[in-house]
Amino acid sequence: MFLACEVVASICLTAVPPATGRPATLPVSVQAPRLAQSGTSGSSNAPQSGPVSGYMDFHFSKPTDGPGVIDFHRFVLLFSHRFSDRLRFVGELELEHAVVEGLEPGGELELEQAYVDFLIRPEINFRAGMILAPVGIINERHEPPVFHGVERPFVDTVIIPTTWFDAGAGVHGSLGRGFRYRLYAMAPLDATELRAEEGLRGAAQHGSEAQVRNVGWTGRLEYVGVRGLQTGVSFWRGNTGFNTPNFDTSVGLFELDARFSRGRFEARGQHAHVFIGGAGELNDAVGRTTGVNPNIADQLRGSYVEAAYRVLPARFPHDAAVFVRYEDFDTQFRMPAGFVKLPQFDRDAWVVGATYWVDPDVAIKFDYSHVRSKSTVVPAPRSINVGLGWWF
Amino acid sequence: MRSASLGLAGALLMAASPGGHQDRPPARVVHVVAERFSFTPSEITIDEGSRVELRITSEDTTHGFRLIGPGDIDVEIPRRRRGEARVVIEIGQPGEYIFECSKLCGAGHGFMRGTLRVRAKAAAP
C-alpha cells in the first residue's frame, strides 16, 4: 500500500492586502507530493512522469470465421503547455495501426487535438484549434483504462464516429451546481463520405484544408454534481453539402448518456440518433456519378447499456472487473423513399469480458463479442479479443 | 526509506512554518473525488478565515490539484487505491478562486476545473 501523505509543508502566503481589516496572510498546508517535486520522492512505486503523457492500445482479435489479427491499434501522445493561468495549449497526436505509408491503406497519423484555451471566467472560456466534438461518453474520454472492452463500443464507432475531431472554435464553462457545457462551431461533415455500413465514420474533414461553406454546430450539457453520477446530452447539426452544390444535405445528431458507480458496481448507457437530410438526392447523385448506389439512410440509431462489477476488495493493490454490454445499432434505421433497407446493417451485439488493472493506468482486457444482424445471408462477426492498454 | 527521508523533510518544513498553523485542527473536512474529467464537488464554499482540510482521492489516474492564486498550491493526487492528497486551507480574503487539474490526465484534461468560494464573515452587529 502506498501512502501519499508524507510531505507535510506549511506555507504562509502573502496576498494582496484586503481593503478592509482582514488578515493579509493566507496560511495553507499541504499533505501530498508537490507536483514540482514528483518523481523525486525516492519511491520505486511512485509514478515517474515525463514531459509528455499518452496512451497505447495493443490488441489481439480472433474472429470465429478467420485468422487472428494482432494490431498495435493506437499510439497517442499528449502535450500541454500553460502560457499563463488564463492561456494554455493541449495537443494530442495519434498514430493508428502502427505504420503510415504514402498511398497505401493501413495506418493513420492524426492530429486529434491542438487547441488553445482562453480561460476567462468559470462560466465562459474560449477554445480554438483542433478540437473534439463533445458528443457521447467515449469521444472525449477514450483512454483505454477507463472503458471496458478491447475495442470501443460499436455505437461509438458506427453511430458516433469516435474519435470525432475537426477544426473549430467555441465556448465552454461551468453553469454552477455541477452543470457544465461546451458549444463549438466546427468544420462540417462531407456528405459524399457517408456510408451505409459505417454511417458518419469517414465524413469528418479532420481540419485538413477543410471546406467551410457550411458550419457544423455541436454542443453538450452535462451534470457532474453528484459523486458517482455523470450524465449528459449532446448534439451536432450542420449542412454537409459542400461537395454536392446542386442540392442540400445535412446531418443532425442527438445523443444522451449516463455513467453511474457506487461501491463496486458500475453502469453506463448511451443512446444516439442521427438524421440525414437529403439522403435520397445524395444516393441518386452518387449513384449517377460512381455507378454505385451508396444506400445512405435517412436515420441511424444506436444504444447500449453496460454493467460492471469490481471483483477485488479495496485492500488489494490491483483491481479487476467483469462486465457485460448489450448494444443495438442500425445504420439504416429509416430509409429515404425508394431505397431498400438492408438487414445486415440492423445489428445488435453482446460483449462480455473482464478488465484487470495491474496498475490503475495499465489494463489487461479480455472479451467475447457476439454481433448479430437481421440478415439471413450475411454472417455477423463473433470474436475473442485480448488487449493491453495503458496511460502514462 | 521513503517515509523516513520524507518525514525528516516534512519535520523541517513544519519547524520552519510560521505561526504554528499545524497545531490547530481543521474545523471542517471536505472530501473531493477527482476523476477524468471532473472534480466532485466542483464548487466548494468555505468561510473567510476558517480552516478547512480537503481530502482528495482519485478514481483513476494521477491528477493534480492546483489552486490558482493563494500560494500557488499544486499537489499530486495519487492514483486510485494509492492514498489521498490532503490540503489544509485557511484563506482570509473572500472571493472566488479557481482550482484545476495540473497533471495532464487525458483527452478532456482541460475541463477539469472547479471553484473555491470564500464567503465573507457576516459583519458583527
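The values are calculated or read from the model by the stated rules, or taken from the named source; none is laboratory data. None of the values given here were measured: they were computed from a predicted structure. Don't worry about glycine lacking a Cβ; one is built from the backbone with ideal geometry, like all the others, and counts go over all protein chains shown. In case anyone asks, the SASA skips ligands and DNA or RNA and just uses the protein heavy atoms, side chains included. Shrake-Rupley method; radii C 1.70, N 1.55, O 1.52, S 1.80 Å.
Annotation: of all residues in region B:49-76 being open to solvent by less than 10 Å² (accessible area, probe 1.4 Å) and facing chain A (nearest Cβ under 7 Å), the one that is farthest from the chain's Cα centre (by Cα) is B:Thr61. Looking only at residues that are within 19 Å of A:Gln344 (Cβ to Cβ) and assigned to a strand (DSSP E or B) in region A:277-302, which one is most open to solvent (accessible area, probe 1.4 Å)? The extreme case among them is A:Arg301.
Counting only residues that are under 18 Å from A:Glu140 (Cα atoms) and not aliphatic (A, V, I, L, M), region A:229-248 holds 6 of them.
With respect to the conditions (1) surrounded by 18 or more Cβ atoms within 10 Å (Cβ to Cβ); (2) in contact (Cβ under 8 Å) with a residue 24 or more places away in the chain, A:Phe79 falls short on a single one, namely (1). Condition check for A:Thr163 on (1) out of contact with any strand residue (DSSP E or B) (no Cβ under 8 Å at 6 or more places or on another chain); (2) β-branched (Val, Ile, Thr); (3) assigned to a loop (DSSP other than H, G, I, E, B): one failure, at (1). The set of residues in region A:206-228 that are among the β-branched types (Val, Ile, Thr), surrounded by 14 or more Cβ atoms within 10 Å (Cβ to Cβ) and not in a loop (DSSP other than H, G, I, E, B) comprises A:Thr218, A:Val224. Every test in (1) surrounded by fewer than 23 Cβ atoms within 10 Å (Cβ to Cβ); (2) more than 7 Å from every other protein chain (Cβ to nearest Cβ) is passed by B:Gly83 save one, and that test is (2).
What is the residue count in region A:82-99 for residues that are within 14 Å of chain B (Cβ to nearest Cβ) and surrounded by 16 or more Cβ atoms within 10 Å (Cβ to Cβ)?
Qualifying residue count for the region: 7.
Okay, residues lined up against (1) more than 8 Å from chain A (Cβ to nearest Cβ); (2) crowded, with 20+ Cβ neighbours inside 10 Å; (3) at pLDDT below 90:
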| position | (1), (2), (3) |
| --- | --- |
| B:Phe37 | no, yes, no |
| B:Glu43 | no, no, no |
| B:Phe99 | yes, yes, no |
| B:Cys105 | no, yes, no |
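Table: residues versus (1) at pLDDT 95 or above; (2) more than 18 Å from the chain's Cα centre (by Cα); (3) open to solvent by less than 10 Å² (accessible area, probe 1.4 Å).
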| position | (1), (2), (3) |
| --- | --- |
| A:Glu101 | no, yes, no |
| A:Glu104 | no, yes, no |
| A:Glu140 | yes, no, no |
| A:Tyr184 | yes, no, yes |
